[in-house]
Amino acid sequence: MAQSNLTLNREEIQELLTSDNSEAFRRMLERTLNEFLKAESSEQLHAERYERTEARVDTRNGFYQRGLTTRIGRIQLEVPRHGLVE
């Protein structure tokens, strides 16, 4: 299963505690899901971005945008695209 580390800086934590919580949590969810998609892509390809390995099964071919409506608002997902290794 894909793993990813999410780090919040001081400004992001302050925003979560002091501002509109729904907007701050929406942005945090968007960032978390996009990081997860990147980690899952690396797992599927058996290689990180720009990494060359013998186990690599595909290449990265950018991202496409997809909207996702949640209880806390609409978020934009950046879904990685893969192309065939030639």
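The set of residues in region 49-61 that are surrounded by fewer than 15 Cβ atoms within 10 Å (Cβ to Cβ), of a type in the set (Asp, Glu) and under 25 Å from Gln76 (Cα atoms) is empty. Phe63: within 11 Å of the chain's Cα centre (by Cα), among the hydrophobic types (A, V, I, L, M, F, W, C) and not in a helix (DSSP H, G or I), yes or no? Against the criterion (within 11 Å of the chain's Cα centre (by Cα), among the hydrophobic types (A, V, I, L, M, F, W, C) and not in a helix (DSSP H, G or I)), Phe63 qualifies. Select from region 1-21 the residues that are surrounded by 11 or more Cβ atoms within 10 Å (Cβ to Cβ) and not β-branched (Val, Ile, Thr) and write down the one among them that is modelled with the highest pLDDT. Filtering first and then ranking leaves Gln14. The one condition from (1) outside any loop (DSSP other than H, G, I, E, B); (2) in contact with a His (Cβ under 8 Å, 6 or more places away or on another chain) that Thr53 does not meet is (1). For region 35-58, taking the residues that are among the hydroxyl-bearing types (Ser, Thr, Tyr) and modelled with pLDDT under 80, the one that is farthest from Ser22 (Cα to Cα) is identified as Thr53. Looking at Phe25, Phe36, can you tell me which residue is touching a Leu at 6+ places or on another chain (Cβ under 8 Å) and in a helix (DSSP H, G or I)? Only one candidate qualifies: Phe25.
The values are calculated or read from the model by the stated rules, or taken from the named source; none is laboratory data. Keep in mind it's a predicted model, so treat the numbers as computed, not measured. Every residue, glycine among them, receives a Cβ derived from its backbone with ideal geometry; neighbour counts consider all protein chains shown.
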